Structure formats: C-alpha cells, structure tokens
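The values are calculated or read from the model by the stated rules, or taken from the named source; none is laboratory data. Predicted model, so just to flag it, every value in this text is computed and none were measured. Cβ atoms come from the backbone with ideal geometry, glycine included; neighbour counts cover every protein chain shown. Note: accessible area is taken over every heavy atom of the protein model, side chains too, but ligands, DNA and RNA are not part of it. Shrake-Rupley method; radii C 1.70, N 1.55, O 1.52, S 1.80 Å.
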Amino acid sequence: MMTPMRYILLVLGVIISIHYILSFTHEEYGKATSISNIAEQWTGPKSNPPYKTPLPDEYYKPDSPMDLQDRKANASFVMLVRNSDLSGIMSSMKQIEDRFNRKFQYPYVFLNDEPFTQNFKDHIQALTNTTVEFGVIPSDHWHQPSWVDEDRASKSRDDMVRNNVIYGGAYRNMCRFNSGFFYRHELLQKYRYYWRVEPDIKLFCDVDYDPFLVMQDQNKVYGFTISLYEYQATIPTLWNVVKSFINANPDFVAPGNAMEFLSDDGGESYNLCHFWSNFEIADLDFWRGEAYSKFFEYLDEQGGFYYERWGDAPVHSIGAALFAKKEQIHFFNDIGYRHEPFQHCPQGDVHAKGKCWCDPGQNFDYEWYSCLNRYDKIFS
C-alpha cells in the first residue's frame, strides 16, 4: 500500500513529464512556462544595454550634396602597403578622404607583393565611395634579379648594419620597385597622374582645389612637400653613375633644368638634396618617357640598389631635376604634411585658408637639414 508521500511524488512526476512533453511539442507553451519568462514577471524583460539600440534617423544630419568639379584629371592615389599595414594606411586614407577626396572622388590603387586579404579589402573599401583596386606586384618587379651578386650584396648589407647606416639592411626591393617599376603595373596603365600615400602620415589642411588639375594644366611633372639631404653612406657611387649616363646621353638633359638644386658646382658633385618621395604627386608619363626609362635601366644595370642602397627618393629627384624644366617641379606649399620625423606646416594666410591644425612653429622648411632654400634659389 502506497503512503501519501509516494502518491504525491508520483503525481509530481506525472505533471513534470507532461510539462516537458508539452514544452517540446507546443512552442508557445514552452515559451510561456520557461524559467526566463517566469523570472521576467518579477524582474521585467531582459534588454540590451542602451547603447546597442541604434539612434533614430531623426538625430542624423546627412552630408550636404557636394558639387563635384566639372572636369577631372586622369589620376589615382597609389599606396604600396602590406596586409600588416592596415591600421596605418586606414589612418592615412581617412585623412585623404576627409581633407580632399570626399569632394573630388579620385580612385585608389593598392599594391602589395602578396595578395591582399579580404579583411584588408573590406576595411579599405568601407572608407570611400570611389573606386578601389587591389593589385599584386609581379615577382620580377619586386625580387632581387638573378644577375645581382648575392655575396657582394649581402656583404654590403652587413657592412651598413655594422656601421649603423639607417635602414642599412632593408628596403632594397622596395626602393628598386618604386624607382623603376610601380608605374609599369597593369592597374596604373590607364592613369596619367598619381598621388603617393604612405601609412601613418598626417594631412594637416583642407585641400579645396584639385592638385591633379594643377599638374595637368600647368604642365608640371613632379610635386613635393618636403626636401632634405640623403645619407651619403647609402649612395656613395650614385652620382658617378649619373654623370656617366649624362655624358653618354647629353640630349636627355632638359634645357632650363634644376641641376642647381642637386649640385653646387655645376654637376661635378652631388650635394645630396632630394625630394622626399613618401609624398609625391607626379606625372606617370614622365617616368614612362624615354629619358627616365633609359636612366633607370642604366642605374639598374650597375646593381646599386643592392650593392649600396639607392633610394627611390634621390633617383626620382635626380631624374626630375635633370630631365624636366625647373618650372615643372612644384612645391605644394599649401598641403600640410607629416611623415615621421619631419613635417611641412603652411605658414601665415596659407595656414588659415587651409584650416590647418599643425603648429606653424613645427615646420621643417628652413631647418638646417632641409633643402627647400636650394629649391627657392634656382628661381632667383
């Protein structure tokens, strides 16, 4: 005979069994009798933190429609970066967009020696409404050519590192690529002008005009913001090679050129001045032209990109200064720019007009290591 307690336990077991059966077979019953639903009767329904609820559209003011200029140059931004540079190049690109490109809508070309990840592409494309293309650099444009004596090149790198030459052990492939190959990339063939952008730069001022049209309309071939002296230890034989090329090809040297920017003695020696090529707005057809093409090929044959550390900055600067007229080289005084550790900060009315946020007192233009005074003198 069952005791009252056993009856109670039996009834409870039957009730619980029926509850679970109904919970699985009747969704609404399961929701109504769930522990969380019962708890809500006492504590109220669960909700996300307030900040996870999107603000209503009424709080937002959309961008005013922008009047895009009625004409544009055939131009693009060019960025040579790795996947690991994502944070730094996003910072640079966001400034380009905010200060200039949201008004002018020029496309971007990203180049890398390996494929860009989808994560990289997604983050970049989210920053702009204009076209973005991603390209891989051909192997023979990036890697050390087979005819370079690796034992000699390796010894040179080791010597530079031992002697504390800045970047003595690095950047050979990049310098050679930027000197003679980037403008050959298939993604750039359709463009005439480019603006080179590096990771982690600062763009201090609003650029309310189109620098590409300035280049086009005024027949400029090279534009810069900072100029300085190169490290002699990285280019000990470069100028001798340059002189050898000039002697063999005097017709390539433009009348009214900027030799005085490069040399204080009529070309006998190099004063090491160059335009800092991490910022440059330039004419791709100038690099593709016969004079510069043969110049680069001659330099490349000497192996100096690997036996020494010839940088693209002095190579570009020497090419522009010798094969173009001096008036075709343009100082973008109103583009405030910083690439560590130097910056150009516009002065006076130019600073105010551009709504610049750099400190005018922090300006490299006429510091002892700057070459801007030599650029000025070629026009005096």
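Ligands, DNA and RNA left out, the 1.4 Å accessible surface of the stretch 264-380 is 50% carbon and sulfur atoms.
Tell me the net charge near LEU127. Cut-off is 12 Å between Cβ atoms, LEU127 excluded, with +1 for each Lys or Arg and -1 for each Asp or Glu. With Lys, Arg at +1 and Asp, Glu at -1, the neighbours total 0. If one computes the Cα centroid of the stretch 314-380 and of the stretch 111-157, what distance in Å separates the two points? If we compute the Cα centre of each part, the gap is 29 Å. Counted by Cβ distance under 9 Å from GLY168, the other residues give a net charge of +1, where Lys and Arg count +1 and Asp and Glu count -1.
What is the stretch 225-305 by shape, rounded, prolate or oblate, if you read a ≥ b ≥ c off the alpha carbon gyration tensor as root eigenvalues and call it rounded for a/c under 1.5, prolate for a/b larger than b/c, and oblate otherwise? Rounded is the answer for the stretch 225-305, as its axis ratio a/c remains below 1.5. Oblate is the label for the stretch 110-259, because the ratio a/c of its alpha-carbon gyration tensor axes (a ≥ b ≥ c) is 1.5 or higher and a/b is not greater than b/c. Classified by the C-alpha gyration tensor, the stretch 296-352 has an oblate form. Its axis ratio a/c, with a ≥ b ≥ c, is 1.5 or above, and a/b does not exceed b/c. Rounded to the nearest 20, the Cβ-based charge dipole of the stretch 121-238 about its Cα centre (Lys and Arg +1, Asp and Glu -1) stands at 240 debye.
Stokes-Einstein diffusion for the stretch 155-228 at 20 °C, viscosity 1.002 mPa s, with a Kirkwood radius from C-alpha pairs, works out to 135 µm²/s.
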